[in-house]
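Below is one structure, written out as structure tokens; the observations come after it.
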Amino acid sequence: MQSSTKAATTPSGRSALSGLVGNTPLLRVSEPLAPAGRGFWGKLEGFNPGGIKDRPGLHMVERARARGDLRPGGRIIESTSGTLGLGLALAGMVYGHPVTLVTDPGLELSMTRLLTAYGAQVNVVSEPHPTGGWQQARRDRVQRLLEQHPGSWCPDQYSNPDNVAAYTPLALELASGMGHIDVLVCSVGTGGHSAGVSRVLRQLYPELTVVGVDTIGSTIFGQPARPRLMRGLGSSIYPRNVAYENFSEVHWVAPHEAVWTCRQLAASHYATGGWSVGAVALVAGWLARTMPADARIVAIFPDGPQRYLGTVYDDDYCAAHGLLESPPAPEPELLGCLDEKEVTRWTRCTTVVDPLTLQGAQGASDVEADAPEEDR
Ligand SMILES: Cc1ncc(COP(=O)(O)O)c(C=O)c1O
């Protein structure tokens, strides 16, 4: 059953549901990811009802409504199989919009059930596009649905500036919870949360160091597109919301390194999350080991463990993909420039530029055509 009824409001007129988003806790993380007496803080965005993307889900819809791009009762249509689907289902319920999420047969059954329970219509494309694969098939379906539903609207999180602005409250929560911040560690997918949080924190702490975390096989920071096991972070396109100029360095992390870190974090801190949580925790732990002991480091943990029980936390899955064979190296490799070579393990680079300015970079649309499916 599709629900487009508006959610109940509190006496102040604010939706009781949107009041559940934000003010997520901070967790101090130390041994074994950092030596005794050192550590970093994890901002646990998995405490939002659907994860970090509840914030942009609500904000993009609010702004589109305010501008008149999304009319009352208009349908929200987006291609997503990830966390934004949950955020849009929430926003649809808060503001009374039907939601259609276009996905493909790769979507986990648990997600389909959850999104459907939240009232979203999950629209599954059955065939990949002959040349553009699943991603193009999904985009084509979104286009067709937008034409079929007058007054419908697509948020387009990769280039919508409201996906960046949505994170101002998160930055302010960090500032008030931490007092001072020296280093911010963020995973990068659409670029939304790293751009939005760093923009505000830089104004407050001009010396802030921003460290981006990507997966191997992702194009975002100039590496070639490869099939990727890790979801959430990484991309096969060049999302325009990535604020390249804000990053002091980028780290690429491999799936087995993220799995190892997720499991260490779970066993030592009762903290769980997905691929991006493991990847940022690995990098933040290394920063805590190598930076001055009093550096105040915060890492954003985008979601909780629910979607990863059959992957990151499943011994059979991990064994089948060779993810339990070795812990990460104690140090990342260092690249002189983003495209010096293809990286296959934890690696860092301290010269970050927009890869579309690098010689030999493919145009976004060329890469997109044969890209593996996106998951956010
Ligand atoms: C679990 C998870 N981690 C990290 C990210 C990357 O965040 P952003 O798109 O803001 O760069 C996403 C994006 O969907 C995500 O779902």
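Rule-based calculations on the coordinates, nothing more; no lab input. All of these numbers come straight from a predicted model, not from anything done at the bench. Reconstructed Cβ throughout: ideal geometry from the backbone, glycine too, with neighbour counts over all protein chains shown.
The shape of the chain can be summarised by an equivalent ellipsoid whose semi-axes, obtained from the alpha carbon gyration tensor, come to 31, 24, 20 Å from longest to shortest. Fully extending the segment from GLU207 to THR351 would add 50.1 nm, taking 0.36 nm per residue of separation and subtracting the current Cα-Cα distance. Can you give me the angle between helix 168-178 and the longest principal axis of the chain, using Cα atoms only, in degrees from 0 to 90, rounded to the nearest 10? Value to nearest ten degrees: 40.
Normalised radius of gyration for region 175-234, please: alpha carbon Rg relative to 2.2 N^0.38 Å, two decimal places.
My calculation over the Cα atoms of region 175-234 gives 1.29.
Scalar couplings 3J(HN,Hα) for region 235-245, obtained by applying the Karplus form with A = 6.51, B = -1.76, C = 1.60 to θ = phi - 60°, are 7, 10, 10, 10, x, 6, 7, 6, 8, 4, 5 Hz; x denotes Gly and Pro.
All Cα-Cα distances of region 219-331, cut into 5 Å bins from zero to the largest, leave 2, 10, 20, 23, 21, 14, 8, 2, 0 percent in each bin in turn. A simple packing score, the average count of other Cβ atoms within 10 Å per residue, orders the peptides 137-143, 90-96, 147-153 as 90-96, 137-143, 147-153, with the highest score first. With neighbours defined as other Cβ atoms within 10 Å of a residue's Cβ, the residues LEU101, LEU201 order from fewest to most as LEU201, LEU101.
Which order results if HIS59, HIS321 are arranged by neighbouring Cβ count within 10 Å, fewest first? Before the final figure, lay out each step's value.
On the way: HIS59 26, HIS321 15.
The order, fewest Cβ neighbours first, is HIS321, HIS59.
In whole percents, the pair-distance distribution calculated for region 54-158 from its alpha-carbon pairs, binned every 5 Å from zero, is 3, 14, 25, 24, 20, 9, 4, 1.
Given the options GLY177, GLY278, GLY37, state which has the largest fluctuation in a GNM of the chain using a 10 Å cut-off (strictly under) for Cα springs. Greatest mean-square fluctuation among the candidates belongs to GLY37.
Per-residue ellipticity at 222 nm, computed for the chain from helices alone with -39500 (n - 2.57) per DSSP H run of at least four residues, works out to -10000 deg cm²/dmol. What are the residues whose amide H is under 5 Å from the amide H of ASP214, where those residues sit 5 or more places off or on another chain and H is modelled from the backbone? Answer set, sorted by chain and number: HIS251, TRP252, VAL253. Along its first, second and third principal axes, ordered by size, region 125-284 spans 50, 36, 31 Å in Cα coordinates. With respect to the chain, whose longest principal axis is taken over its alpha-carbon atoms, helix 192-204 is tilted by about 60°. With both labels modelled 7 Å from their Cα along Cα-to-Cβ, the ARG289 to SER248 distance reads 1.9 nm. Here LYS43, LYS53, LYS341 are placed in order of increasing Cβ neighbour count within 10 Å, fewest first, which gives LYS341, LYS43, LYS53.
Residues whose amide H comes within less than 5 Å of that of THR103, counting only those at least five positions distant or on another chain, are ASN123, VAL124, VAL125 (H built at 1.01 Å from N in the peptide plane).
Near LEU208, once Lys and Arg are set to +1 and Asp and Glu to -1 for all other residues with Cβ below 11 Å from its Cβ, the sum equals +1. Spacing of the modelled spin labels on LEU309 and LEU26, each 7 Å from Cα toward Cβ, amounts to 3.2 nm.
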